[in-house]
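To keep things clear, I will list the structure first and then write my remarks on it.
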Amino acid sequence: MSDEFPRYLFKELDAADPLAELRDRFVIADHDLIYLDGNSLGRLPAATPDHLARLVRDGWGGQLVRGWPTWIDWARRIGDRLAAHALGARPDEVVVSDSTSVNLYKLAAAALDAAPGRRTILVDAEDFPTDRYLLQGLAEARGLTLRTLPSDLDQGLDLATLRAALDDDVALVVLSAVSYRCGALLDLAAVNEAARAVGAYVLWDLSHAAGSVPVELAATGADLAVGCTYKYLNGGPGAPAFLYVRRELQERLRQPIWGWFGQRDQFAMGPDYDPVPDLDRFQVGTPPVLGMAALDPALDVLAEAGIDRVREKGRRLGEAIVSLADAWLTPYGFTVASPRDPDRRGSHVSLHHPEALRISRALAEQARVVGDYRAPDRLRLGPAPLYTRFVDVWDAMDRLRDIAERRSYERVPAGPTRVT
Ligand SMILES: Cc1ncc(COP(=O)(O)O)c(C=O)c1O
Ligand SMILES: Nc1c(O)cccc1C(=O)C[C@H](N)C(=O)O
């Protein structure tokens with residue numbers, strides 16, 4: 001126990017938390033398990049099982065193919081809900097579609113086609129692997145140069161590094177608004193402005209930002225964005241992703257996968273591809289209706305909370321992790337591996353420890369705290385403001401301290417890194 005941070009103070013924070021009652025809107029199957037992995041897979045909203053069961057039974061089972069006139073618009077309808085409640089985009093700028101990886105490919109290729117003569121793509125060297133791999137593939141196929149911008153493992157990309165790399169040969173900049181490893185939050189407006197000044201497009205990966213921080217795509221002048229819906233948006237494992245294209249760009253950009261859901265007069269089944277002039281040209285094929293439908297109950301909770309209140313609580317949960325790590329874990333070799341300034345951090349916090357892999361496993365196996373490990377030596381803790389309590393953070397950090405103090409992680413095999 002610590003005098004400086006007694007547990008009852010965290011209980012008081014929960015008692016005063018305006019979002020506290022929303023925790024009941026999620027399935028908490030095991031009350032002893034502390035779940036700090038909302039930044040990888042968010043919890044199941046309590047309304048989702050019945051919502052999906054109804055759709056399966058009455059929609060698929062009852063309406064059969066007659067359901068399609070309703071379902072066919074859901075990618076756009078739910079896209080608009082994401083735009084309004086999470087992304088700060090205008091109507092008709094966001095659509096649910098494919099996976100984040102596929103959407104990133106579609107929009108990156110479209111942007112490169114729209115920047116003929118420019119030969120450079122910029123990416124954060126520490127960005128999530130799929131982003132880097134996709135761009136490596138695109139650069140190789142087109143004979144372009146992919147420049148990886150050096151970025152600090154704990155602090156993320158420095159704006160000065162980006163500015164120094166921007167010139168009129170840059171076609172495209174791809175960055176995560178919130179870094180998957182350290183949680184660093186970039187200044188979208190500053191990046192968009194710097195890129196626009198040299199005529200480059202910016203494609204944002206919002207996977208760790210959507211549902212955790214107000215993104216404000218329209219207000220920051222963003223061109224393009226993609227992101228997943230299974231983390232802070234609670235869409236479930238394998239939930240479909242979203243993409244955003246600024247309205248003014250939609251008619252100008254042509255995506256590389258020419259599917260019939262982008263086709264003008266789709267059901268005329270005409271001989272040649274002739275894409276619609278709007279956002280729908282970025283769709284490809286039949287949308288995953290059941291997967292998309294899971295987003296509705298999840299977005300109901302987010303809408304009720306309001307993204308600004310989610311952000312405010314996320315910031316305070318993060319500050320609690322940082323304060324407890326400093327006070328309790330420093331003697332055991334932990335350091336905070338995320339920006340300390342909450343304005344520069346999304347909702348998750350990483351801790352550095354040379355034994356992070358074994359500690360992460362010990363936390364789950366011995367102490368019933370689910371966070372995750374990210375190479376090379378980071379323990380990531382991702383509280384989700386819609387359902388994580390302040391006391392959960394206290395208990396998780398207390399259990400972590402106990403593992404560190406007793407060195408009980410030494411009993412856990414390091415083994416190869418596996419899923420999560
Ligand atoms: C920043 C980022 N981009 C992309 C992805 C994944 O993309 P996909 O859903 O296509 O697997 C993740 C996590 O899985 C991620 O953290
Ligand atoms: N998408 C994932 C998956 O299919 C399996 C395991 C983990 C994931 C993730 O989402 C990882 C996530 N991008 C992260 O940064 O933790």
Inset, instruction - Can you tell me which residue among Val170, Val174, Val191 is more than 22 Å from Asp372 (Cα to Cα), touching a residue at least 60 places away in the same chain (Cβ under 8 Å) and either of a type in the set (A, V, I, L, M) or within 16 Å of ligand 2 (Cβ to nearest atom) (or both)? - result: Val174
Inset, instruction - Working carefully through the options Ala109, Ala75, find the one that is more than 16 Å from ligand 2 (Cβ to nearest atom), in contact with a Pro (Cβ under 9 Å, 6 or more places away or on another chain), within 15 Å of Trp204 (Cα to Cα) and of a type in the set (A, V, I, L, M, F, W, C). - result: Ala109
Inset, instruction - Could you tell me which residue of the stretch 44-57 is surrounded by the most Cβ atoms within 10 Å (Cβ to Cβ), considering only residues that are away from ligand 2 (no atom under 16 Å from the Cβ) and outside any helix (DSSP H, G or I)? - result: Pro45
Inset, instruction - Determine which member of the set Asp73, Asp113 is more than 16 Å from ligand 1 (Cβ to nearest atom), in contact (Cβ under 8 Å) with a residue 60 or more places away in the chain, closer than 19 Å to Gly259 by Cα and not aromatic (Phe, Trp, Tyr). - result: Asp113
Inset, instruction - Kindly establish whether Arg311 is away from ligand 1 (no atom under 16 Å from the Cβ), part of a helix (DSSP H, G or I) and touching a helix residue (DSSP H, G or I) at 6+ places or on another chain (Cβ under 9 Å). - result: no
Inset, instruction - From (1) more than 16 Å from ligand 1 (Cβ to nearest atom); (2) surrounded by 24 or more Cβ atoms within 10 Å (Cβ to Cβ), pick out the condition that doesn't hold for Ala219. - result: (2)
Legend entry - Selection count where residues are within 23 Å of Leu122 (Cα to Cα) and away from ligand 1 (no atom under 14 Å from the Cβ), scope the stretch 225-247: 3
Legend entry - Hits in the stretch 389-415 (condition: basic (Lys, Arg), buried (at least 19 other Cβ atoms within 10 Å of the Cβ) and outside any loop (DSSP other than H, G, I, E, B)): Arg401
Inset, instruction - Sort through Ser40, Ser101 and tell me the only one that's among the polar types (S, T, N, Q) and in a loop (DSSP other than H, G, I, E, B). - result: Ser40
Legend entry - Extreme residue, farthest from the chain's Cα centre (by Cα), among residues of the stretch 133-171 that are outside any loop (DSSP other than H, G, I, E, B) and polar (S, T, N, Q): Thr145
Legend entry - Qualifying residues in the stretch 87-110 (those that are within 13 Å of ligand 1 (Cβ to nearest atom) and small (Gly, Ala, Ser)) - the one nearest to Val178 (Cα to Cα): Ser101
Legend entry - Matching entry among Leu41, Leu33, Leu22 (being among the aliphatic types (A, V, I, L, M), within 24 Å of the chain's Cα centre (by Cα) and within 16 Å of ligand 2 (Cβ to nearest atom)): Leu41
Inset, instruction - Among residues belonging to the stretch 1-40 that are without any contact (Cβ under 8 Å) to a residue 24 or more places away in the chain, among the small types (Gly, Ala, Ser) and farther than 26 Å from Tyr373 by Cβ, point out the one that is surrounded by the most Cβ atoms within 10 Å (Cβ to Cβ). - result: Ala15
Inset, instruction - Could you check Ala164 against (1) free of Cβ contacts under 8 Å to residues at least 12 places away in the same chain; (2) surrounded by 20 or more Cβ atoms within 10 Å (Cβ to Cβ) and say which number it fails? - result: (2)
Inset, instruction - Might you let me know whether the stretch 216-229 holds any residue that is within 13 Å of ligand 2 (Cβ to nearest atom), closer than 26 Å to Arg23 by Cα and hydrophobic (A, V, I, L, M, F, W, C)? - result: yes
Inset, instruction - Could you grab me the full set of residues in the stretch 302-314 that are under 16 Å from the mean Cα position of the chain (by Cα) and more than 9 Å from Leu19 (Cβ to Cβ)? - result: Leu302, Ile307, Arg311, Gly314
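Every number here is computed from the coordinates shown, using simple stated rules; none is lab data. Quantities reported herein were computed from a predicted structural model and do not represent experimental measurements. All Cβ positions, even for glycine, are placed from backbone atoms using ideal geometry, and neighbour counts span all protein chains on display.
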